[in-house]
Amino acid sequence: MRNPTGSGRPREFELGAAADDALQVFWDKGYEGTSLPDLIAGTRLSRGSLYKAFGDKKGLLLAALDLYMSKGLRETANLLSQPGKVKNTIRESLLRCAQLSSGDLGLRGCLVVSLATEMAAHDAEVAERTGRMFRRLQQLYAGAIVRGQANGEIPERDEQVMARFLVCQIQGMRVLGKTGAVEADMIGLVDCAMRILE
């Protein structure tokens, strides 16, 4: 429960809520651009509580990243498991990404993509986590493709290659979104991506 006075969280603050607050700070400023005072202001944790709960700035980043990735994978899994034609569920999932990759949402971008480009080349923990997230995303799409192949909707081609292509498409859209892409352009890319399943 948050302290209503705004003077700091009580000792029993929920770690998930603190990580979610920190996520917003890292998302806005990046890892290097985020200072300890930024995190204290954003989470309303004292310096001592922050260090006791998460160890340091990096520990708080990893907790925030895990939270963000878990939510994104859960939303994708839910979309891909909807009843009906498999191609329709894949398209709906890609259209969600198109929406996230355009307008104000697109300009903010994807936290995973941002941290992968900022840190993965020199930080093994971030590289492992972001790589794991992309692999898990690929497996979700591969599973959907296999279901589509089983019912005759999707041709019998390598499901991992097709799924990897879709993941690359999604992440590319998220990068383009940072440049001010419009939703109509993103939907056009979804239409192109769907052709790989024909």
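The values are calculated or read from the model by the stated rules, or taken from the named source; none is laboratory data. The structure displayed is predicted, hence computed values, not measured ones. Heads up, the Cβs are rebuilt from the backbone with ideal geometry, glycines too, and the neighbour counts pull from every protein chain shown. Ligands, DNA and RNA are stripped out before the accessible areas are found, and what is left, the full protein with its side chains, is counted by its heavy atoms. Shrake-Rupley method; radii C 1.70, N 1.55, O 1.52, S 1.80 Å.
Computed over the Cα atoms of segment 85-198, the ratio of the radius of gyration to the Kirkwood radius (Rg/Rh) comes to 1.00.
A 1.4 Å probe over all protein chains sorts SER46, SER114 by accessible area into SER46, SER114, starting with the largest. Between GLY16, GLY59, GLY84, the residue with the greatest mean-square fluctuation in the GNM of the chain (Cα pairs under 10 Å linked by springs) is GLY84.
Among the GluC sites (Glu not before Pro) in segment 6-115, those placed in a DSSP loop whose Cβ has at most 16 other Cβ atoms within 10 Å are GLU12, GLU14, GLU32. Across the chain, the relative contact order, built from alpha-carbon pairs under 8 Å that are at least six residues apart, equals 22 percent. Calculated from the structure at hand, mean projected area of the Cα convex hull in nm² is found among [x] 18.1; [y] 12.4; [z] 10.2 as [y]. What separates the Cα centres of segment 98-133 and segment 164-198 is a distance of 16 Å. Checking the a/c ratio against 1.5 first, then a/b against b/c, what shape does the Cα gyration tensor give for segment 27-66? Because a/c hits 1.5 or more and a/b fails to exceed b/c, segment 27-66 counts as oblate.
Per DSSP helix of 4 or more residues, -39500 (n - 2.57); summed, then divided by the residues of the chain. What does that give at 222 nm, rounded to the nearest 500?
Mean residue ellipticity, 222 nm, calculated: -23500 deg cm²/dmol.
Span-like helix check, the chain: qualifying full DSSP H segments, with Cα axial length of 15 Å or more and mean Kyte-Doolittle of 0.5 or more, are 159-177, 183-194. Restricting the trypsin sites (Lys or Arg not before Pro) of segment 102-198 to loop positions (DSSP other than H, G, I, E, B) with no more than 14 neighbouring Cβ atoms within 10 Å leaves ARG157. On the beta carbon distance between GLU92 and GLU14, with R0 = 41 Å, the FRET formula returns roughly 0.80.
With a simple spin-label model that places each label point 7 Å from the Cα along the Cα-to-Cβ direction, the separation between ARG108 and LYS52 comes to 3.1 nm. Only protein atoms count toward the accessible area here, which uses a 1.4 Å probe; on segment 59-103, the carbon and sulfur part of that area reaches 53 percent. Accessible surface calculations at 1.4 Å, restricted to protein heavy atoms, place the chain at 51 Å² per residue.
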